[in-house]
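For reference, the structure is listed below as structure tokens.
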Amino acid sequence: MEQILDLVKGVYTQHFSELCVIMLGCIIVLMIVNLRAVRRCRRQVKEAEKRTEGMLKMLFGQKRNTEQGNEDRRRERTGSAEQKRGRKEPSREQEELFGSVIREMFP
């Protein structure tokens, strides 16, 4: 056991500067890899934001169209009800004319 400790102590004292340079190199490499990953993630986030913005515009457009469609339907319903109320009853002459036309068509 003492031999192993002496070996480690000797390697540590003789190669301390090389070990520090290797650790610094690993740290720098890991930082570069991390920065590239962050840049890729930011790009993906920007693309997702653009897609989301487009989807939101489309959603609001559809919502606006359905609201306008509902309003148009309401107007049609109320307009047809007003037309029904404002419609005059057919006159007796029109009824007689219609009856005579029907009798001629179906003897």
Matching option when the condition is at pLDDT 85 or above and over 30 Å from Tyr12 (Cβ atoms), among Lys50, Lys84, Lys63, Lys88
Lys50
Quick test of your reading of the structure: Leu35 fulfils all but one of (1) open to solvent by 100 Å² or more (accessible area, probe 1.4 Å); (2) at pLDDT below 85; (3) hydrophobic (A, V, I, L, M, F, W, C). Name the failing condition by number.
(2)
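The values are calculated or read from the model by the stated rules, or taken from the named source; none is laboratory data. Since this is a predicted model, take the numbers as computed values, not measurements. Cβ atoms come from the backbone with ideal geometry, glycine included; neighbour counts cover every protein chain shown. These accessible areas exclude ligands, DNA and RNA; they are computed on the full protein's heavy atoms, side chains included. Shrake-Rupley method; radii C 1.70, N 1.55, O 1.52, S 1.80 Å.
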